[in-house]
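Worksheet for the structure shown next.
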Amino acid sequence: MPGHTDERFLLWVDAVGGFLVCCGSKVVLGQAAPGNRIDVPIQGDLARRHATLCRDHEGYTLCVEGPTRINGAPVRGAAALRDGALIELGSAVKFRFRLPHPLSCTAQLVPASHHRTQPASDGVLLLADTCLLGPGAGNHIVARHLTQDVLLFRQSGELRCRSSGTIEIDGVAWRGEGPVSTHSRVCGEQFSMTLEEID
């Protein structure tokens with residue numbers, strides 16, 4: 001279906017939260033309504049296809065179809081997004097756009113209103129090639145209980161996980177790095193997480 005990508009999954013990080021991960025370079029945001037197959041369905045008063053986030057080598061652009069503001073200014077057509085921008089969709093749905101790591105194009109949409117995605121999540125990750133989990137503020141997923149970073153990344157069309165020491169992926173032990181799928185359970189010395197397909 002146009003505008004919809006199957007390249008998305010839920011990432012549940014134990015003791016941290018759950019995240020809707022979108023892997024496509026174009027991500028459609030809109031109303032969570034029956035039959036409305038979009039990338040980020042939001043429970044709010046929005047158009048069915050309210051806006052599209054586009055990622056290219058220059059960064060992110062928001063192309064709008066419904067009423068939208070960025071940092072309080074109305075957007076017509078399209079606008080570039082910068083780290084920290086407040087996106088307001090319709091009259092009340094708000095997300096903070098974050099590009100936390102200077103060497104990664106992976107971005108976050110952090111809820112800034114009470115509205116939630118469907119399925120429910122603590123935030124949206126726009127996965128480029130890498131996603132860092134760790135204790136620092138520059139990580140895509142902040143996990144303060146970790147002492148070292150964990151890397152989830154895409155390589156040659158495959159999703160992989162890297163961590164120091166041994167990691168267990170779906171019951172199989174890997175030294176430092178191994179392949180994961182959108183139905184994997186991954187456990188390391190200080191972390192555990194589950195990837196879940198979205199129907």
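The values are calculated or read from the model by the stated rules, or taken from the named source; none is laboratory data. Please read all numbers here as calculations on a predicted model, not as lab measurements. Backbone-built Cβ (ideal geometry, glycine too); neighbour counts: all protein chains shown.
General observations
- Residue in the stretch 114-136 that is within 22 Å of Phe191 (Cα to Cα) and among the acidic types (Asp, Glu) present: yes
- Taking the criterion of being surrounded by fewer than 23 Cβ atoms within 10 Å (Cβ to Cβ), under 17 Å from the mean Cα position of the chain (by Cα) and assigned to a strand (DSSP E or B), the only residue of the stretch 23-39 that qualifies is Lys26.
- Residue match in the stretch 164-172 (condition: over 17 Å from Glu196 (Cα atoms), surrounded by 15 or more Cβ atoms within 10 Å (Cβ to Cβ) and modelled with pLDDT of 95 or more): yes
- For the stretch 175-191, residues that are over 18 Å from the mean Cα position of the chain (by Cα), surrounded by fewer than 18 Cβ atoms within 10 Å (Cβ to Cβ) and of a type outside the set (D, E, K, R) total 3.
- Within the stretch 144-175, the set of residues being within 12 Å of Phe191 (Cα to Cα) and either among the aromatic types (Phe, Trp, Tyr) or touching a residue at least 40 places away in the same chain (Cβ under 8 Å) (or both) comprises His145, Leu146, Thr147, Gln148, Val150.
- Within the stretch 132-182, the set of residues being polar (S, T, N, Q), assigned to a strand (DSSP E or B) and within 21 Å of Cys22 (Cβ to Cβ) comprises Gln155 only.
- With respect to being over 20 Å from Gln118 (Cα atoms), surrounded by 15 or more Cβ atoms within 10 Å (Cβ to Cβ) and either basic (Lys, Arg) or more than 20 Å from the chain's Cα centre (by Cα) (or both), Arg49 falls outside the description.
Residue by residue, here is whether (1) among the small types (Gly, Ala, Ser); (2) surrounded by fewer than 19 Cβ atoms within 10 Å (Cβ to Cβ); (3) at pLDDT below 95 holds:
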| residue | (1), (2), (3) |
| --- | --- |
| Arg96 | no, yes, no |
| Leu99 | no, no, no |
| Pro102 | no, yes, yes |
| Ala112 | yes, yes, no |
| Arg154 | no, yes, yes |
| Glu197 | no, yes, yes |
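- Meets criteria (part of a loop (DSSP other than H, G, I, E, B), among the charged types (D, E, K, R) and modelled with pLDDT of 95 or more) for Arg49: yes
- Residue count for the stretch 73-88, restricted to those that are within 19 Å of Asp45 (Cβ to Cβ) and either in a loop (DSSP other than H, G, I, E, B) or among the aliphatic types (A, V, I, L, M) (or both): 3.
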